[in-house]
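Worksheet: the structure to be examined is printed underneath.
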Amino acid sequence: MGRFLQILLLVLVALGIGFYFYQKNIPATAVTAGDLEKGGNFADSERSALVTACTARIKKDGDKTCGCIADKAATQFSRFDRMVMTATFQEKFSDIVALTKGLVSSGIPIDTVKAAEDGSKSRIKDMMKACNAE
C-alpha cells in the first residue's frame, strides 16, 4: 500500500508540474482596466461567438435561452465577463487563463483581478438562473 501511495504522489507532482508549464506558455489576451467596466463595446463578432458557444452547450430551448444571455450580457456585464462566459461555454480553460494573465500584465493589481474573477463567476451564475439555462 505504501508503494502505491508513493507512485500516486509522484504522478500528482508530475501532473502539477506539467500543468504549471502548460499554463505558463499560454499567451496573455490583451485586456485593459476599461474591460472590467459594465457595458462597453459588444462587437458583433463577440456576440456571435457567445451565442454560438452557448447554443452548442445548451440543447433545451437553446435559441431562446442564448438570446436572453446575449441580451443581458450586452448591458449587465463587462467585456471581461463576456469573454469569460464565452470561454466557459466553449470549455476552453486556456482562454480563461489568458484573460487573467492579460489583466495582470496590463498592470491591474492582483486583488482587483481576483475580485473581477470572483464577481464574474457569481454574476454568470445569477444570469444563467435568470435565463433558465441551468
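Since every read-out is calculated from the coordinates, none of them should be taken as a lab result. It should be emphasised that the depicted structure is a prediction, and the values quoted were computed from it without experimental measurement. Neighbour counts run over all protein chains shown; Cβ positions are idealised from the backbone, glycine included.
Here are the numbers for the structure shown:
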{"item": "Exposure proxy ranking, count of Cβ atoms within 10 Å, fewest first, for I108, I17, I69", "result": "I17, I108, I69"}
{"item": "Projected label distance in nm at R3 and K92, using a 7 Å step from Cα toward the beta-carbon", "result": "4.6 nm"}
{"item": "Packing rank of 80-92, 24-36, where each peptide gets the mean count of other beta carbons within 10 Å, highest leading", "result": "80-92, 24-36"}
{"item": "Neighbour-count ranking [beta-carbon atoms within 10 angstrom, fewest first] of C131, C68, C54", "result": "C68, C131, C54"}
{"item": "Proximal charge balance of T86 [Cβ under 9 Å; K/R count +1, D/E count -1]", "result": "0"}
{"item": "Ascending count of other beta-carbon atoms within 10 Å, so fewest first, for R79, R47, R123", "result": "R47, R123, R79"}
{"item": "Correct option for Rg and Dmax of the Cα atoms in Å [calculated from the coordinates] among [x] 18.9, 67; [y] 14.5, 45; [z] 17.7, 58", "result": "[z]"}
{"item": "Rounded to 10°, Cα long-axis angle of helix 2-24 versus longest principal axis of the chain", "result": "40 degrees"}
